[in-house]
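Novice: Here it is: the structure, laid out below.
The values are calculated or read from the model by the stated rules, or taken from the named source; none is laboratory data. These numbers come from a predicted model, not from an experiment. Quick reminder, even Gly has a Cβ in these numbers, built from the backbone with ideal geometry, and neighbours come from all protein chains shown.
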Amino acid sequence: MVAYWIAALSADDMKPLEDYAKQARVAVDKYGGRSLSRLGRFKLLEGEFIGDKMAVIEFDSMEQAVACYNSPEYQKAKALRDGKTEGLFFVVEETD
């Protein structure tokens, strides 16, 4: 069943996000992810949320999405923004 990687990030300096995005693309491509929205506009309608940048990436399964996040390729990308940005990541599975 399809799953979606949802990522919200905030950064005062975009340079760490540019470097991160290049390396993250390596992992996403390797695990068959398809970007549905990268840095697209969004509006929080309720509650509190971290971040001012949002990405939605589709994977063929929850397992594939989690494997991508845990992969050495993605962890290398994550290291590029650690301590320089704040982030919130989760995976949600499509339902019938």
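Novice: Which of the residues spanning segment 85-94 are surrounded by 15 or more Cβ atoms within 10 Å (Cβ to Cβ), closer than 22 Å to K15 by Cα and within 12 Å of the chain's Cα centre (by Cα)?
Specialist: Narrowing segment 85-94 to residues surrounded by 15 or more Cβ atoms within 10 Å (Cβ to Cβ): 85, 87, 91.
Still in the list and also closer than 22 Å to K15 by Cα: 85, 87.
The answer is G87, and nothing else.
Novice: Looking only at residues in segment 66-84 that are among the basic types (K, R) and part of a helix (DSSP H, G or I), which one is surrounded by the most Cβ atoms within 10 Å (Cβ to Cβ)?
Specialist: Here the answer is R81.
Novice: Further, regarding this structure: Does G47 count as surrounded by 14 or more Cβ atoms within 10 Å (Cβ to Cβ) and assigned to a loop (DSSP other than H, G, I, E, B)?
Specialist: Spelling it out, it is not the case that G47 is surrounded by 14 or more Cβ atoms within 10 Å (Cβ to Cβ) and assigned to a loop (DSSP other than H, G, I, E, B).
Novice: Taking the stated definitions as given, is Q64 in contact (Cβ under 8 Å) with a residue 12 or more places away in the chain and at negative phi?
Specialist: Taking the combined requirement at face value, the residue satisfies it.
Novice: Specify the residue that is modelled with the lowest pLDDT; the eligible residues are those in segment 29-54 that are within 16 Å of F90 (Cβ to Cβ) and in contact with a helix residue (DSSP H, G or I) (Cβ under 9 Å, 6 or more places away or on another chain). Can you show your working first?
Specialist: Applying the first criterion (within 16 Å of F90 (Cβ to Cβ)) to segment 29-54 yields 33, 36-37, 42, 44, 47-51, 53-54.
Cutting the leftovers down to in contact with a helix residue (DSSP H, G or I) (Cβ under 9 Å, 6 or more places away or on another chain) gives us 33, 53.
On the way: G33: 97, K53: 82.
If we take residues in segment 29-54 being within 16 Å of F90 (Cβ to Cβ) and in contact with a helix residue (DSSP H, G or I) (Cβ under 9 Å, 6 or more places away or on another chain), then K53 is modelled with the lowest pLDDT.
Novice: Hey, among the residues in segment 1-54 that are aromatic (F, W, Y) and under 23 Å from P72 (Cα atoms), which one's farthest from the chain's Cα centre (by Cα)?
Specialist: From segment 1-54, those aromatic (F, W, Y) are 4-5, 20, 31, 42, 49; that's our starting set.
Add one more test, that the residue is under 23 Å from P72 (Cα atoms), and what stays is 4-5, 20, 31.
On the way: Y4: 9, W5: 6, Y20: 10, Y31: 13 Å.
Selected residue: Y31.
Novice: Filter segment 1-25 down to residues that are touching a Lys or Arg at 6+ places or on another chain (Cβ under 8 Å) and exposed (fewer than 14 other Cβ atoms within 10 Å of the Cβ), then give me how many there are.
Specialist: 1
Novice: Being on the phi > 0 side of the Ramachandran plot and touching an Asp or Glu at 6+ places or on another chain (Cβ under 8 Å) narrows it down to one residue among G32, G83, G47; which is it?
Specialist: G32
Novice: Now for a separate question. Take the residues in segment 26-44 that are of a type in the set (G, A, S) and in a strand (DSSP E or B); name whichever of them is surrounded by the most Cβ atoms within 10 Å (Cβ to Cβ).
Specialist: At the first step, the residues of segment 26-44 found to be of a type in the set (G, A, S) are 27, 32-33, 35, 37, 40.
Filter once more, so that each one left must be in a strand (DSSP E or B): 35, 37.
Details: S35: 15, S37: 13.
That would be S35.
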